Amino acid sequence: MTEGSSLPGAIAAAPRPTRAEPVRLSSRSRRRIAGAARTLTILLVILVFFGPVVWIMLTALKQPRDVYSLSVIFTPTLDNLRTAFASPYFLGSRTLNSIIVTTGTIVLSLPIATAAAYAFSRFRFPGGNAWSLGVLATQFIPPVIIIIPLFVAFRSAGLLDTRLALIIANMSFVVPYSIWMIKGFIDAIPADMEEAAQIDGASRLRAIWDVVVPMAIPGIATAAIFAFVVSWNEFFYALVLSRQDAVTLQVGLMGARTERGDAWEIMAAMGLVIILPMLVLSRYVQRYFVAGLVSGSVR
Amino acid sequence: MASVELVGVEKRFGSFSALQHLDLSVADGEFLVLLGPSGCGKTTTMRMVAGLEEATAGEILIGGRRVNDALPKDRDVAMVFQNYGLYPHMSVAQNIGYPLKVRGIGGPDREGRVKRAAEKVELGPLLHRKPRELSGGQRQRVALARAIVRTPQVFLMDEPLSNLDAKLRVTMRAEIKHLQHELGVTTIYVTHDQIEAMTLAHRVAVMNGGVIQQLDTPEAIYDRPANLFVAGFIGSPPMNLVPGRIAGGTFQAPGITIAGAFPAAGGDVILGIRSEDVTIAAPGEGSIEGQVYASELTGEAVLVTVSAGGARLIARAPRSFRGGFGSPIALNVDAGKIHLFDEATGRRIAFADRSDGG
Ligand SMILES: Nc1ncnc2c1ncn2[C@@H]1O[C@H](COP(=O)(O)OP(=O)(O)OP(=O)(O)O)[C@@H](O)[C@H]1O
Ligand SMILES: [Mg+2]
């Protein structure tokens, strides 16, 4: 029986201070209130996180005159997307730039980061941890400080306004973080397996490829997702280093802030394209990412 | 097939010296067992032969070729790791087949050889499993199968049976012995288990503290231990060791006097006698008088621990023996089976009527 059912008798026998009364709810109603509070909190969180996404989706389909109304009933149109793909917004080529820059960053960063992570994990360097920590320490320098020298360097290399420049700039922060993510995983892989592989006849490189990499996959996947998210969303370097040919989606978004005011519906249309891969990502690979972040070890 | 030689090999980890000047020569086709307590450097020795650890000094030769600078893959050895070293992301079949895969052996040839190796270690039905779905003993057998799937120059086995149950251990022991004989592959085998060492080895190297204490046939090691360490380490129960003095041809220790053909110039010695060379007798009828301290039935015999004077001696009595705690008892020692060791150096002392030469 619940605690509540024995209450009346107990009160009759021993009167207690009235202040305690309201707290002594039956456990069933207490549970119900807790449940409601939880639901409410969840709804609030959903609103905060998904409200803007929903707003962008709706706005992208609205006609300019409906943009400022909060109504969800309107005649949807694809005009905004059409406009965004045309001059002067060039959503198509900007999307392509973003895709190429992001893919390039991932494809170049992961092998480098994996190799470096392996080296930091398995070899002892003169100076100990200084090197691997140093790699991370480079990230404490704010981008605003290095952007001017970087700009000058890219200009003299003739790389301004190229996708390669953006890839290199992205790698400057993707590679260090990826090294550390992957290193954590490789640290957890016992050395005997690659030793076994070497005795079985594999070269060190082959042992890494056959044994270490497959076991570090969760870490590499984590790094890949991280690399994707940050390079896809990268704004600052792209803003400074691109002008026309290499402009990415993120920078292109700024193009909708015209002298005639902010074209919210165009921004929303672009925003749709920007968040699309994120939605896909969160649907399919988030599981990996979470597993990678929390486990950090292999079985 | 090839011989393995270690010439003056040393290994230091930082300031810690794990192996001091190791000389070891394993003949072509020989089965050599490294036996010693935990931490004595057995695994380290193996890893140096395999090329996983660099020798700090000395030379390692396989088949007469100096391999100090050769990569593990170029040494053509197969190794069973103490902690298996299986590839967790590969199935049992892929694990066993990996050495073949690396060497470009594929298709039905590989499949057949994997199957045969797996059957030798009774893994047949588990080929599709992943290592994490196996018990410790099964993993160990996968490691073993991976080593025997091809015929290398040298087998290195680091306690390959330590995780098997008693029954399977006996079967696998015979399997390994047979296999080694059949293939004639030079084998270095590490174990803690004396029975394994005794049954498998052509020769046993008893190690302690990074030094080989004795390198000889199992019989010689058992019958003529070179020093106190070997005497106390080999045999179950360990050899009885009684410190005392030799004077006038008799051995004397508190409460114990043994007459025998002892060397005249005795001095302080330690007398060793195995439990099976000590027989029990009725009180007053033996050379050593004492009381029963404990008696343990082992199955085929009873081990009687007798306290005599200041020492405790273990005797092997027939299984019918019944003697309560503290009951008086006498012991007789087979004088021809006595071992003597120098009290100061721990070395074996050879004496007259023994044909052992030291
Ligand atoms: N990488 C290392 N760094 C420092 N010391 C080590 C290292 N590897 C082994 N040692 C030390 O060297 C000694 C010999 O180790 P080893 O692993 O060869 O022992 P073992 O005879 O195989 O013991 P066990 O029977 O317990 O496996 C030990 O004292 C160990 O602590
Ligand atoms: Mg060991």
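The values are calculated or read from the model by the stated rules, or taken from the named source; none is laboratory data. Owing to the predicted nature of the structure, the values given are computational and were not obtained by experimental measurement. Counting neighbours? That spans all protein chains shown, and the Cβs are built from the backbone with ideal geometry, glycine included. Note: accessible area is taken over every heavy atom of the protein model, side chains too, but ligands, DNA and RNA are not part of it. Shrake-Rupley method; radii C 1.70, N 1.55, O 1.52, S 1.80 Å.
In table form, for the structure just shown:
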{"read-out": "Subset of segment B:121-164 [among the acidic types (D, E) and more than 19 Å from the chain's Cα centre (by Cα)]", "value": "B:E122, B:E133"}
{"read-out": "Checking B:A27 against (1) open to solvent by 20 Å² or more (accessible area, probe 1.4 Å); (2) within 25 Å of B:E196 (Cα to Cα); (3) more than 10 Å from ligand 1 (Cβ to nearest atom); (4) in contact with an Asp or Glu (Cβ under 8 Å, 6 or more places away or on another chain), the condition it does not meet", "value": "(4)"}
{"read-out": "Any chance A:V175 is more than 14 Å from every other protein chain (Cβ to nearest Cβ), modelled with pLDDT of 95 or more and either crowded, with 19+ Cβ neighbours inside 10 Å or more than 27 Å from A:L78 (Cβ to Cβ) (or both)", "value": "yes"}
{"read-out": "Filter result (within 12 Å of ligand 1 (Cβ to nearest atom) and crowded, with 23+ Cβ neighbours inside 10 Å) within segment B:192-205", "value": "B:A205"}
{"read-out": "Filtered residues of segment B:85-103 (kept if under 13 Å from A:D200 (Cα atoms) and more than 7 Å from chain A (Cβ to nearest Cβ))", "value": "B:L86, B:Q94, B:N95, B:I96, B:G97, B:L100, B:K101"}
{"read-out": "Criterion (more than 16 Å from ligand 2 (Cβ to nearest atom), away from chain A (no Cβ under 14 Å), in contact with a strand residue (DSSP E or B) (Cβ under 9 Å, 6 or more places away or on another chain) and of a type outside the set (V, I, T)) met by exactly one of B:A55, B:A78, B:A70", "value": "B:A55"}
{"read-out": "Count - residues of segment B:238-265 that are closer than 19 Å to B:G310 by Cβ and open to solvent by less than 30 Å² (accessible area, probe 1.4 Å)", "value": "9"}
{"read-out": "Qualifying position, being assigned to a loop (DSSP other than H, G, I, E, B), more than 16 Å from ligand 2 (Cβ to nearest atom) and either open to solvent by 30 Å² or more (accessible area, probe 1.4 Å) or not assigned by TED's automatic domain parsing to the domain that holds B:G39 (or both), among B:R129, B:R110, B:R139, B:R116", "value": "B:R129"}
{"read-out": "Residue among A:L81, A:L43, A:L47, A:L96 that is aliphatic (A, V, I, L, M) and open to solvent by less than 60 Å² (accessible area, probe 1.4 Å)", "value": "A:L81"}
{"read-out": "Test: residue in segment B:154-162 that is within 16 Å of ligand 2 (Cβ to nearest atom), in contact with a helix residue (DSSP H, G or I) (Cβ under 8 Å, 6 or more places away or on another chain) and open to solvent by 10 Å² or more (accessible area, probe 1.4 Å)", "value": "yes"}
{"read-out": "Failed criterion for B:K167 (all others in (1) within 14 Å of chain A (Cβ to nearest Cβ); (2) within 27 Å of the chain's Cα centre (by Cα); (3) surrounded by fewer than 17 Cβ atoms within 10 Å (Cβ to Cβ); (4) part of a helix (DSSP H, G or I) hold)", "value": "(1)"}
{"read-out": "Enumeration of residues in segment B:46-55 that are within 12 Å of ligand 1 (Cβ to nearest atom) and open to solvent by 10 Å² or more (accessible area, probe 1.4 Å)", "value": "B:R47, B:L52, B:E53, B:E54"}
{"read-out": "In segment A:84-93, residue nearest to A:V229 (Cα to Cα) [restricted to those that are open to solvent by less than 80 Å² (accessible area, probe 1.4 Å) and hydrophobic (A, V, I, L, M, F, W, C)]", "value": "A:L91"}
{"read-out": "Matching residues in segment B:58-67 - criterion: being outside any strand (DSSP E or B) and either under 19 Å from A:G201 (Cα atoms) or within 13 Å of chain A (Cβ to nearest Cβ) (or both)", "value": "B:G63, B:V67"}
{"read-out": "Breaking point among (1) touching a residue at least 40 places away in the same chain (Cβ under 8 Å); (2) in a helix (DSSP H, G or I); (3) out of contact with any Ser or Thr (no Cβ under 8 Å at 6 or more places or on another chain), for A:A153", "value": "(1)"}
{"read-out": "Test for A:A34: is it at pLDDT 70 or above, farther than 25 Å from A:L276 by Cβ and surrounded by 10 or more Cβ atoms within 10 Å (Cβ to Cβ)", "value": "yes"}
{"read-out": "Positions within segment A:50-78 being open to solvent by 60 Å² or more (accessible area, probe 1.4 Å), closer than 22 Å to A:L253 by Cβ, touching a Leu at 6+ places or on another chain (Cβ under 7 Å) and part of a loop (DSSP other than H, G, I, E, B), in sequence order", "value": "A:P76"}
{"read-out": "Test: residue in segment A:109-123 that is at pLDDT 90 or above and outside any helix (DSSP H, G or I)", "value": "yes"}
{"read-out": "Some residue of segment B:210-229 being in a strand (DSSP E or B), surrounded by 21 or more Cβ atoms within 10 Å (Cβ to Cβ) and within 16 Å of ligand 2 (Cβ to nearest atom)", "value": "yes"}
{"read-out": "Residue that is farthest from the other protein chains (Cβ to nearest Cβ) [pool: residues in segment B:32-46 that are within 9 Å of ligand 2 (Cβ to nearest atom) and part of a helix (DSSP H, G or I)]", "value": "B:K42"}
{"read-out": "Residues within segment B:136-148 that are touching a residue at least 60 places away in the same chain (Cβ under 8 Å), within 12 Å of chain A (Cβ to nearest Cβ) and away from ligand 1 (no atom under 16 Å from the Cβ), tallied", "value": "2"}
{"read-out": "Helices (runs of 4 or more DSSP H) lying entirely in segment A:183-249 (those with 1 or more residues that are farther than 18 Å from A:S172 by Cα and either more than 10 Å from every other protein chain (Cβ to nearest Cβ) or of a type outside the set (A, V, I, L, M, F, W, C) (or both))", "value": "A:191-199, A:204-207, A:213-233"}
{"read-out": "Residue within segment B:35-45 that is without any contact (Cβ under 8 Å) to a residue 40 or more places away in the chain and either of a type in the set (F, W, Y) or open to solvent by 70 Å² or more (accessible area, probe 1.4 Å) (or both) present", "value": "yes"}
{"read-out": "Exclusive hit being within 16 Å of ligand 1 (Cβ to nearest atom) and modelled with pLDDT of 95 or more, set B:I60, B:I96", "value": "B:I60"}
{"read-out": "Qualifying positions in segment B:76-90 - more than 13 Å from ligand 1 (Cβ to nearest atom) and part of a loop (DSSP other than H, G, I, E, B)", "value": "B:D76, B:G85, B:L86, B:Y87, B:P88, B:H89, B:M90"}
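Residue by residue, here is whether (1) in contact with a strand residue (DSSP E or B) (Cβ under 8 Å, 6 or more places away or on another chain); (2) among the β-branched types (V, I, T) holds:
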{"residue": "A:D200", "(1), (2)": "yes, no"}
{"residue": "A:D210", "(1), (2)": "no, no"}
{"residue": "A:V213", "(1), (2)": "no, yes"}
{"residue": "A:F228", "(1), (2)": "no, no"}
{"residue": "A:W232", "(1), (2)": "no, no"}
{"residue": "A:F236", "(1), (2)": "no, no"}
{"residue": "A:S242", "(1), (2)": "no, no"}
{"residue": "A:D245", "(1), (2)": "no, no"}
{"residue": "A:G271", "(1), (2)": "no, no"}
